[in-house]
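See below for the structure under consideration.
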Amino acid sequence: MESENKPNFDPRDHQHLRYNPLRDSWVLVSAHRMKRPWKGQVEKPSEDSVPRHDPNNPLCPASTRANGEVNPEYDSTFLFENDFPALQPDAPDPGSDHHPLFRTKAARGVCKVMCFHPWSDVTLPLMQPEEICKVIDKWAELIEELGPTYPWVQIFENKGAMMGCSNPHPHCQVWASSFLPNEPALAERCQRAYLQKHGEPMLLEYARMEAQAQERVVVENEHWLVVVPYWATWPFQTLLLPRRHILRLPDLTSQERNSLASIMKRLLTKYDNLFEVSFPYSMGWHGAPTGHYLKEDMNHWQLHAHYYPPLLRSATVRKFMVGYEMLAQEQRDLTPEQVSPPQSEKEDITSSS
């Protein structure tokens with residue numbers, strides 16, 4: 001009789017845990033918390049007007065950077081060595097370890113900055129697909145250039161001041177390291193174990209199941225799928241996945257690159273339209289490790305990109321990873337299904353790519 005009086009589980013009203021197979025961790029989902037009134041910090045609205053060209057902006061064409069170098073009058077993508085790199089190729093070795101509680105290892109690498117476009121007032125969703133294709137081609141070139149030397153090449157973009165972007169100009173960063181960083185190392189272990197146990201790459205199977213379910217799909221086309229992952233932590237987090245098995249960006253065909261440019265533009269336009277603001281986020285690509293891994297069987301890997309936007313309720317209310325998230329485990333305030341657009345708002349898979 002007692003069980004008959006218990007309410008039926010509803011993920012929108014009842015807290016529950018969801019498993020993240022890419023990190024071998026759990027996320028606490030507490031969607032009912034969105035009903036609480038918000039009296040916390042409210043962010044300042046983003047600046048509406050960004051000058052197309054500012055000679056004092058070090059990323060603009062013909063501007064002088066901190067090291068005294070002058071940028072060329074570029075009209076497409078522009079790549080240069082980071083003037084304040086977190087990794088340097090000739091850093092000295094810290095020496096051998098003497099105690100397990102005080103371990104150090106050598107860390108070497110290179111850091112580059114890549115501008116997407118010469119205009120500061122243009123972001124990726126405002127660029128033309130052919131301009132985005134040039135960005136994708138340059139990303140692939142960088143993997144091919146740096147991959148033979150370094151086991152990990154991290155391409156990432158921090159968009160908006162809320163995500164720590166110091167220059168209002170469309171750009172990303174590329175850090176190539178002599179070590180496999182923590183997040184890729186987790187993804188490496190988890191994807192390898194999944195293939196060994198289930199006989200299929202994790203994210204290839206996951207993309208197929210999400211495409212069939214259509215519960216968390218944000219946008220899709222012939223070659224790509226964007227979903228709010230079942231295990232998402234950030235409110236409007238998305239995962240960009242190819243439909244076929246692909247290890248790294250250079251493996252994409254020209255058709256797949258064009259299709260990727262299209263779906264990136266559509267996804268980022270949806271972000272901007274959500275709260276009618278230039279949507280802040282951090283994003284990055286994860287593909288199979290490079291360096292000595294290029295000689296190994298890496299078929300457990302599947303290329304993918306993560307988008308982590310901080311906004312929660314509006315353009316001025318953000319999600320903070322504090323308290324419980326820092327001391328216990330990740331927690332989110334609404335289900336991934338609640339933030340996925342309804343079927344009527346989704347674009348047809350047959351739309352042009």
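The values are calculated or read from the model by the stated rules, or taken from the named source; none is laboratory data. Keep in mind it's a predicted model, so treat the numbers as computed, not measured. Glycine also receives a Cβ, built like all others from the backbone with ideal geometry; neighbour counts cover every protein chain displayed. Note: accessible area is taken over every heavy atom of the protein model, side chains too, but ligands, DNA and RNA are not part of it. Shrake-Rupley method; radii C 1.70, N 1.55, O 1.52, S 1.80 Å.
Quick check: anything in segment 196-217 outside any helix (DSSP H, G or I), in contact (Cβ under 8 Å) with a residue 12 or more places away in the chain, aliphatic (A, V, I, L, M) and buried (at least 17 other Cβ atoms within 10 Å of the Cβ)? Yes, because at least one residue in segment 196-217 is outside any helix (DSSP H, G or I), in contact (Cβ under 8 Å) with a residue 12 or more places away in the chain, aliphatic (A, V, I, L, M) and buried (at least 17 other Cβ atoms within 10 Å of the Cβ). The residues of segment 1-54 that are modelled with pLDDT of 70 or more, part of a loop (DSSP other than H, G, I, E, B) and open to solvent by 90 Å² or more (accessible area, probe 1.4 Å), listed by number, are Lys6, Pro7, Asn8, Phe9, Arg12, Gln15, Ser49, Arg52, His53. When the criteria are applied in full, Glu276 fails the requirement of being under 20 Å from Lys134 (Cα atoms) and of a type in the set (Asp, Glu). Kindly check whether there is at least one residue in segment 94-101 that is open to solvent by less than 60 Å² (accessible area, probe 1.4 Å) and among the hydrophobic types (A, V, I, L, M, F, W, C). The answer is no; no qualifying residue exists.
Apart from one condition, Leu294 fits all of (1) modelled with pLDDT of 90 or more; (2) open to solvent by 30 Å² or more (accessible area, probe 1.4 Å); (3) more than 19 Å from the chain's Cα centre (by Cα); (4) farther than 30 Å from Ser178 by Cα; the exception is (4). Of all the numbered requirements in (1) more than 29 Å from Cys190 (Cα to Cα); (2) in contact with a strand residue (DSSP E or B) (Cβ under 7 Å, 6 or more places away or on another chain), Tyr324 misses one, and that requirement is (1). Just wondering, is there one or more residues in segment 153-172 that are of a type in the set (S, T, N, Q) and at pLDDT 95 or above? Yes - at least one qualifying residue is present in segment 153-172.
So for segment 137-153 (the condition being more than 19 Å from Pro58 (Cα to Cα), in contact with a Ser or Thr (Cβ under 9 Å, 6 or more places away or on another chain), assigned to a strand (DSSP E or B) and touching a residue at least 24 places away in the same chain (Cβ under 8 Å)), does at least one residue qualify? Yes, the conditions are met somewhere in segment 137-153.
Kindly provide the set of residues from segment 234-252 that are touching a strand residue (DSSP E or B) at 6+ places or on another chain (Cβ under 6 Å) and modelled with pLDDT under 95, ordered by number. Trp234, Pro235 - these are the residues of segment 234-252 that are touching a strand residue (DSSP E or B) at 6+ places or on another chain (Cβ under 6 Å) and modelled with pLDDT under 95. Across segment 120-136, which residue is most open to solvent (accessible area, probe 1.4 Å) among those that are touching a helix residue (DSSP H, G or I) at 6+ places or on another chain (Cβ under 9 Å) and in a loop (DSSP other than H, G, I, E, B)? It comes out as Gln128. Restrict the check to segment 254-276 and report whether at least one residue is free of Cβ contacts under 8 Å to residues at least 60 places away in the same chain and of a type in the set (Phe, Trp, Tyr). So far as segment 254-276 goes, yes, one or more of its residues are free of Cβ contacts under 8 Å to residues at least 60 places away in the same chain and of a type in the set (Phe, Trp, Tyr).
Filtering segment 165-185 to residues that are without any contact (Cβ under 8 Å) to a residue 60 or more places away in the chain, among the small types (Gly, Ala, Ser) and in a loop (DSSP other than H, G, I, E, B) leaves only Ser166.
Hey, does segment 242-252 have a residue that's within 25 Å of Val27 (Cα to Cα) and under 14 Å from the mean Cα position of the chain (by Cα)? The answer is no, given that none of the residues of segment 242-252 is within 25 Å of Val27 (Cα to Cα) and under 14 Å from the mean Cα position of the chain (by Cα). For segment 238-284, a residue qualifies if it is part of a loop (DSSP other than H, G, I, E, B), more than 20 Å from Gln302 (Cβ to Cβ) and open to solvent by 30 Å² or more (accessible area, probe 1.4 Å), and the qualifying residues are Phe275, Glu276, Ser278. Taking first residues from segment 304-315 that are touching a residue at least 12 places away in the same chain (Cβ under 8 Å) and partners that are open to solvent by 30 Å² or more (accessible area, probe 1.4 Å) and assigned to a strand (DSSP E or B), the Cβ contacts under 8 Å between residues at least 6 apart in sequence or on separate chains come to Pro310/Arg318; Leu311/Arg318; Leu312/Arg318.
Filtering segment 157-177 to residues that are of a type in the set (Gly, Ala, Ser) and crowded, with 18+ Cβ neighbours inside 10 Å leaves Gly160, Ala176, Ser177. Say whether the condition of being out of contact with any Asp or Glu (no Cβ under 9 Å at 6 or more places or on another chain), in a helix (DSSP H, G or I), modelled with pLDDT of 85 or more and among the aromatic types (Phe, Trp, Tyr) is met by at least one residue in segment 298-315. Among the residues of segment 298-315, not one is out of contact with any Asp or Glu (no Cβ under 9 Å at 6 or more places or on another chain), in a helix (DSSP H, G or I), modelled with pLDDT of 85 or more and among the aromatic types (Phe, Trp, Tyr), which makes the answer no.
Of all positions in segment 282-290, at least one carries a residue that is touching a Leu at 6+ places or on another chain (Cβ under 7 Å), modelled with pLDDT of 95 or more, of a type in the set (A, V, I, L, M) and under 22 Å from His223 (Cβ atoms).
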